[in-house]
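Let me begin by presenting the structure, written as structure tokens, before commenting on it.
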């Protein structure tokens, strides 16, 4: 009996060793993936630093993350422009665009794209625009027509979701972008 028990113990130990050795590479690769996922920024999830052709500027390369963010920003700007619930805050911009002057629209798109690139973890961009408080205060920003309240901010968030959805952003990424946007609520809501 002792020989059988010893034999069974050795076989069991060998089987365990084989199982452990067989799964060690898998466990290590899972560990590496978890480490990568933990260090991955939202910017990386939105496309990251991979260089792609810029469809708005033929012959120019752009980081895929920036292109994705700019696409969502531009889509959202157009959604807001059509939304009578909040487009009254942007009468200066809408008047300019209607008369054929897109310089304000271009500047707004660039500033918001820079802001979201930095806020989502991009390393190659800086935001040089006004603070969120100053940008949304008509006393500090003559392009802003009125102060936003909490309801206006909620409408903006809904428009952002619509703009992001039109660009094909997943609901998971939209939720992550929404959390970034919500960090500005106390600065944007001024009444």
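When you go through 78, 89, 115 one by one, which is the residue that is surrounded by 13 or more Cβ atoms within 10 Å (Cβ to Cβ), touching a strand residue (DSSP E or B) at 6+ places or on another chain (Cβ under 8 Å) and at pLDDT 95 or above? Don't jump to the end; show me each part of the working.
Values: 78 fails: touching a strand residue (DSSP E or B) at 6+ places or on another chain (Cβ under 8 Å); 115 fails: touching a strand residue (DSSP E or B) at 6+ places or on another chain (Cβ under 8 Å).
Answer to the selection: 89.
Look at region 148-191 and say how many of its residues are touching a strand residue (DSSP E or B) at 6+ places or on another chain (Cβ under 8 Å) and over 18 Å from residue 73 (Cα atoms).
Summing the residues that are touching a strand residue (DSSP E or B) at 6+ places or on another chain (Cβ under 8 Å) and over 18 Å from residue 73 (Cα atoms) in region 148-191 gives 6.
Can you tell me how many residues in region 45-81 are without any contact (Cβ under 8 Å) to a residue 24 or more places away in the chain, under 18 Å from residue 124 (Cα atoms) and not in a loop (DSSP other than H, G, I, E, B)?
Summing the residues that are without any contact (Cβ under 8 Å) to a residue 24 or more places away in the chain, under 18 Å from residue 124 (Cα atoms) and not in a loop (DSSP other than H, G, I, E, B) in region 45-81 gives 7.
Output the residue which, of all residues in region 135-152 that are within 16 Å of residue 115 (Cβ to Cβ) and within 22 Å of the chain's Cα centre (by Cα), is surrounded by the most Cβ atoms within 10 Å (Cβ to Cβ).
136
Can you spot a residue in region 119-141 that is touching a strand residue (DSSP E or B) at 6+ places or on another chain (Cβ under 8 Å) and either under 16 Å from residue 78 (Cβ atoms) or part of a helix (DSSP H, G or I) (or both)?
no
Considering only region 140-170, state which residues are farther than 26 Å from residue 102 by Cα, modelled with pLDDT of 95 or more and out of contact with any helix residue (DSSP H, G or I) (no Cβ under 8 Å at 6 or more places or on another chain).
149, 151, 154
Which of the residues that make up region 169-182 are without any contact (Cβ under 8 Å) to a residue 60 or more places away in the chain and within 14 Å of residue 118 (Cα to Cα)?
181
Determine if region 97-106 includes at least one residue that is buried (at least 17 other Cβ atoms within 10 Å of the Cβ) and either outside the structural domain of residue 63 (by TED's automatic domain parsing) or at negative phi (or both).
Yes, because at least one residue in region 97-106 is buried (at least 17 other Cβ atoms within 10 Å of the Cβ) and either outside the structural domain of residue 63 (by TED's automatic domain parsing) or at negative phi (or both).
The values are calculated or read from the model by the stated rules, or taken from the named source; none is laboratory data. Fair warning: this is a prediction, and the values are worked out from it, not measured in the lab. Positions of Cβ are generated from backbone atoms using ideal geometry, with glycine treated the same way; all protein chains shown enter the neighbour counts.
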